[in-house]
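Trainee: To start, I am sharing the structure in question, which I have written as structure tokens.
No value in this document is a laboratory result; all are computed from the given coordinates. No experiment lies behind these values; they were computed from the predicted model shown. Note that each Cβ is placed from the backbone with ideal geometry, even for glycine, and that neighbours are counted across all protein chains shown.
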Number of protein chains: 2
Amino acid sequence: MKIRIKKIFENFKEKPDAIIIKNTSENLIDSNFFYVTGLEKGLFEGCAAILFPDGKLDIIVSRLESETAKRANENIKIFENHEEFNIHLKNCVQGCGAIGLNFNGLSYRDYQDLSTVLSGYSFVDVYDALSKTRMFKDELELSFIKKAVDISDKVMNKIPEIIKDGMFEYELAAEINYLIKKLGADKPAFDTISSFGKNSAEPHYTNGETKLKKGDFVLCDFGACFKRYNSDITRTFVFGCASNKQKKMFETVLNAQKKAFEMMKPGITGKQIHNAVDEFINKSDFKGCFIHSTGHSLGLGVHDGSAGLSPISDVKLEKNMVLTVEPGVYIPGFGGVRIEDDILVTSDGIEILSKTPRHLIEI
Amino acid sequence: MKIRIKKIFENFKEKPDAIIIKNTSENLIDSNFFYVTGLEKGLFEGCAAILFPDGKLDIIVSRLESETAKRANENIKIFENHEEFNIHLKNCVQGCGAIGLNFNGLSYRDYQDLSTVLSGYSFVDVYDALSKTRMFKDELELSFIKKAVDISDKVMNKIPEIIKDGMFEYELAAEINYLIKKLGADKPAFDTISSFGKNSAEPHYTNGETKLKKGDFVLCDFGACFKRYNSDITRTFVFGCASNKQKKMFETVLNAQKKAFEMMKPGITGKQIHNAVDEFINKSDFKGCFIHSTGHSLGLGVHDGSAGLSPISDVKLEKNMVLTVEPGVYIPGFGGVRIEDDILVTSDGIEILSKTPRHLIEI
């Protein structure tokens, strides 16, 4: 992980002397902690990683997880309570001037606490440097993402066999999540979406007690999380024979995705791609029906940092970025179609990581 | 939800004029947003709830989730971008003096942004008031928790049938998660723990590629999340015949839990219960083998606010609190036993919500 840490420090004009990545509890765990430690298991509530420009890493860890932390083979300091944590922290950064903190990953309360414990130090925000470093995936990260994509491909390919007349949305989600785990993933990457019929028109709808019936769209959007790295795939099926309108929606989305794939290569901005996709859909019969961004960066986070294919993204595509491409068309009260794949930017274009077929499947 | 909001304001000596609950993205979603809106579905990234002492609630919501938010039947303001969000926010709090923010649920970056947008206002921390209000569950919350407990009971009772010689830990976790979802829960309450043999000695170990063999402990710790409310249950089985040491560990933990149950009633502190349990285990053959707190509050969060049965908890038990009681004994290299149930504090004692048998089951 030394190389990752050094790279983070390269992304500063004025380098801080040290960076503290501090976890709070449960839903305030900073994924950067795992990026710099490489720890694949464990929760690490209340723990901290301290990084130095030469790649050195200290980990302050609670006794409960000290055995797990030792697997990272680094400088472990064990604490039993807040006081011990603070003593370790002070020792680690002694002699430093400016200290980097992730202002986006730290609660305001934690910021106040750190300001008190480390009074006299100056703090700088390191969110941008962390986010910029993480945009480019290294070999190990790519191997985890590819495994996650492989699992979600296998699950998606099984869906036509799983789907049955009258099944509930939540039952399909249960089957999907079961396969994700059974195939060796840690867990689903996010709340699995399996929406039937008109529910598919709500992009953030997950799953509920709607029963499947003939003619329904079946929109499945899920991912696998493998060693903390995520995949994210969407396919929209039709249960029974697709109507002309359904076919038209599907083709429009598929062609919009193709359009994006063709444009994607190093140098082009996220905004250029999104705008082209948006324009393509707006010129079709489905003007105004594409209501979200075209894609997002993928990695330790499902929305991994700031890179994306959105109307405000000035980020230029570069080799080793991993992004989703997910145009959609949504008609309230009728239904929606979304097709989503994960791509890796290569030196002269892209590699589409997901291998699941993209044509319309009528079940 | 009006009553909940009014109760929050009752928990201040000096009431703020309004409270802003602000979500950031993905893992920085404040569960208090759902407490005050009652919204059972949806993500609500970047959205905010603004509460007033008379129980009034404004919700600032992105267009993507405006349909879902309308179900909360409140004052919805829709935004398309940051600028619109800020305009709505300023309008909502116009005329207010002190504004409450949850310092523990807000990133430092969001705090900085709010300070800029609402310059001239003073901010006070409302974490304690929110946490104190949420300690006491209302009828609706209890009905959701009881349903979540019912689901995890049903799943736990099926485990002896599911377990097979040579199965992997992650396979058992897949079966558990499948049943949780199939029985109507939204999802598992947290990463399901299914640890075999010596892995059960690590309380934070989840599941991996260890195969089950005769004589192993099988520790299962999981919960169901139903309409955002959680259950949390642990049972430790033995695969095959339990050895005398395993039996002794089990009996010690079971009796430690009984000890806690007997003591629990309104007025006693979390610390008193934890210390009694700790002392009980330290007087047995397993001195020093209990390495975590005895329990935690349960609700919208799996660790729901600050109440708990820990060595530092001065919180007095009161009617309508919901807590877990989970003593354990852990022997590194050998294995661990934990028994965990969810209880409701009543006017004169407790009601044990989980109905799963607690005796040792050899499979």
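Trainee: What is the residue of chain A with the smallest Cβ distance to the axis taking A onto B, and what is that distance in whole Å?
Mentor: A:Y178, 2
Trainee: Would you mind giving the mean number of other chain beta-carbons within 10 Å of the Cβ of each residue in B:43-50, as a whole number?
Mentor: Details: counts 4, 1, 2, 0, 0, 0, 0, 0.
Mean inter-chain Cβ contacts per residue within 10 Å come to 1.
Trainee: Spelling out what I want: for every residue of region B:66-71, take phi, set θ = phi - 60°, compute 6.51 cos²θ - 1.76 cosθ + 1.60 (Karplus), and round to whole Hz; glycine and proline get x.
Mentor: With the stated coefficients, region B:66-71 comes to 5, 5, 5, 5, 4, 5 Hz.
Trainee: Suppose every Lys and Arg Cβ carries +1 and every Asp and Glu Cβ carries -1, with no other charges. What dipole size does region A:186-306 come out with about its Cα centre, to the nearest 20 debye? Let's see the in-between values first.
Mentor: Details: 17 positive and 13 negative charges, 70 e Å.
That gives region A:186-306 a dipole magnitude of about 340 debye.
Trainee: Next up: Rank B:G240, A:L118, A:L317 by how far each Cα sits towards the positive end of the charge dipole of the protein assembly as shown (+1 on Lys, Arg Cβ; -1 on Asp, Glu Cβ) and give me just the farthest.
Mentor: Of the candidates, B:G240 comes out farthest on the positive side.
Trainee: How many percent of DSSP beta bridges within the protein assembly as shown run antiparallel, rounded to 5?
Mentor: Working: 81 of 107 bridges.
Counting only bridges with both partners in the protein assembly as shown, antiparallel ones make up about 75 percent.
Trainee: Now, a different point. Starting from the Cα of A:K316, draw a straight line to each of the lysines and keep only those under 17 Å, dropping any in the same chain fewer than 8 residues away.
Mentor: By straight Cα distance, A:K316 reaches A:K132, A:K137, A:K265, A:K271.
Trainee: How much of the calculated P(r) for chain A lies past 28 Å, in percent of all Cα pairs? Please report the intermediate quantities before stating the final value.
Mentor: Working: 31957 of 65703 pairs.
Cα-Cα pairs of chain A separated by over 28 Å account for 49 percent.
Trainee: Looking at chain A, identify the longest residue range that excludes and avoids all GluC sites (Glu not before Pro) in DSSP loops having at most 14 other Cβ atoms within 10 Å. If you can, show how the numbers build up before the last one.
Mentor: Values: sites that count: A:E14, A:E80, A:E209, A:E318.
Answer from the scan: A:81-208.
Trainee: If you take each beta carbon of peptide B:179-186 and count the beta carbons of other chains within 10 angstrom, what is the mean?
Mentor: Whole-number average of other-chain Cβ neighbours for B:179-186 is 5.
Trainee: Another question about this same structure. Looking at this model, which pairs from B:K182/B:K214; A:K77/A:K182; A:K182/B:K214; A:K41/B:K247 are more than 32 angstrom apart at the alpha-carbon? Write down the numbers at each step before the final one.
Mentor: Working: B:K182/B:K214 30 Å; A:K77/A:K182 36 Å; A:K182/B:K214 22 Å; A:K41/B:K247 30 Å.
Listed pairs above 32 Å: A:K77/A:K182.
Trainee: So for A:D348, B:D186, B:D191, B:D341, fewest C-beta neighbours within 10 Å to most, what's the order?
Mentor: Values: A:D348 8, B:D186 23, B:D191 17, B:D341 26.
Least crowded to most crowded, the residues run A:D348, B:D191, B:D186, B:D341.
Trainee: In region A:236-293, which trypsin sites (Lys or Arg not before Pro) fall in coil by DSSP and have 12 or fewer other Cβ atoms within 10 Å? Can you show the working numbers first?
Mentor: On the way: sites: A:K245, A:K247, A:K248, A:K258, A:K259, A:K271, A:K283, A:K287; in loops: A:K283, A:K287.
Counting only loop positions with at most 12 other Cβ atoms within 10 Å, the trypsin sites (Lys or Arg not before Pro) in region A:236-293 are A:K283, A:K287.
Trainee: Give the average, rounded to an integer, of partner chain Cβ atoms located within 10 angstrom of each Cβ in B:93-105. Don't skip to the answer; put the middle values down first.
Mentor: Values: counts 0, 0, 0, 0, 0, 0, 0, 0, 1, 3, 6, 7, 6.
Going residue by residue through B:93-105 and averaging, the value is 2.
Trainee: Once you charge only the Cβ atoms, +1 for Lys and Arg and -1 for Asp and Glu, what is the size of the charge dipole of region A:43-144 about its Cα centre, to the nearest 20 debye?
Mentor: Values: 10 positive and 16 negative charges, 24 e Å.
The calculated dipole for region A:43-144 is roughly 120 debye.
Trainee: How much length is gained if the chain between B:S143 and B:K70 is pulled fully straight, taking 0.36 nm per residue apart and subtracting their Cα-Cα distance, in nm to one decimal? Write down the numbers at each step before the final one.
Mentor: Details: separation 73, 0.36 × 73 = 26.28 nm, distance 2.32 nm.
Between B:S143 and B:K70, full extension yields 24.0 nm more.
Trainee: Also, I was wondering about something else. List, shortest first and in nm to one decimal, how far the label point of A:G215 (7 Å from Cα along Cα→Cβ) is from its counterparts in the other copies.
Mentor: 6.4
Trainee: Shifting gears a bit: Taking the highest mean first, how do the peptides B:122-128, A:193-199 order by number of other beta carbon atoms within 10 angstrom per residue? Don't skip to the end; give the middle numbers.
Mentor: Working: B:122-128: 17.4, A:193-199: 23.3.
Ranked by mean Cβ neighbours within 10 Å, highest first: A:193-199, B:122-128.
Trainee: Magnitude of the Cβ-charge dipole of region A:252-363, K/R +1 and D/E -1, about the Cα centre, nearest 20 debye? All intermediate terms of the calculation are to be shown ahead of the outcome.
Mentor: On the way: 11 positive and 14 negative charges, 35 e Å.
Using Cβ point charges on Lys, Arg, Asp and Glu, region A:252-363 gives about 160 debye.
Trainee: In nm, what is the difference between 0.36 nm times the number of residues separating A:M263 and A:N244 and their Cα-Cα distance?
Mentor: On the way: separation 19, 0.36 × 19 = 6.84 nm, distance 2.86 nm.
Full extension from A:M263 to A:N244 adds 4.0 nm.
Trainee: Shifting gears a bit: Need one word for region A:14-140: rounded, prolate or oblate. Basis is the Cα gyration tensor (sqrt eigenvalues a ≥ b ≥ c); a/c below 1.5 gives rounded, then a/b vs b/c decides.
Mentor: Values: a/c = 1.37, a/b = 1.03, b/c = 1.33.
Because its axes are fairly even, with a/c under 1.5, region A:14-140 counts as rounded.
Trainee: Here's something else I'd like to know. Could you compute the net charge surrounding B:P311? Neighbours are other residues with a C-beta less than 12 Å from the C-beta of B:P311; K and R count +1, D and E count -1. Walk me through the numbers on the way to the answer.
Mentor: Details: positive: B:K271; negative: A:E80, B:D278, B:E279, B:D314.
In short, -3.
Trainee: Okay, next question. So what's the back-of-envelope 222 nm ellipticity for chain B, counting only DSSP H runs of four-plus at -39500 (n - 2.57) apiece and dividing by all residues, rounded to 500?
Mentor: Numbers: 10 runs with 123 residues, N = 363.
Roughly -10500 deg cm²/dmol at 222 nm, from the helical runs in chain B.
Trainee: Charges on Cβ only, +1 for Lys and Arg, -1 for Asp and Glu, centred on the Cα centroid of region B:23-89; of B:Y35, B:F79, B:S62, which one is farthest towards the dipole's positive end?
Mentor: Going by the Cα projections, it comes out as B:Y35.
Trainee: Every other copy gets compared here: list the nm distances from the A:K70 label point (7 Å along Cα to Cβ) to its counterparts, shortest first, one decimal.
Mentor: 5.9
Trainee: Just need the relative contact order of region A:139-352 here, percent rounded to a whole number, with Cα pairs under 8 Å and 6+ apart.
Mentor: On the way: 492 pairs, mean separation 44.9, N = 214.
In percent, rounded to a whole number, it is 21.
Trainee: Inter-copy label distances at A:E10, 7 Å along the Cα→beta-carbon direction, one decimal in nm, shortest first?
Mentor: 6.0
Trainee: Give the dimensionless ratio obtained when the Cα radius of gyration of the protein assembly as shown is divided by 2.2 N^0.38 Å. Don't jump to the answer; show the numbers that get you there.
Mentor: On the way: Rg = 25.5 Å, N = 726, 2.2 N^0.38 = 26.9 Å.
Against the compact-globule rule of thumb, the ratio is 0.95.
Trainee: Rounded, prolate or oblate: which one fits region A:138-283, using the alpha carbon gyration tensor with axes a ≥ b ≥ c (rounded when a/c is under 1.5, else prolate when a/b beats b/c, else oblate)? Please list the in-between numbers first.
Mentor: Numbers: a/c = 2.24, a/b = 1.06, b/c = 2.11.
Judged from the Cα gyration tensor, region A:138-283 comes out oblate (a/c at least 1.5, b/c at or above a/b).
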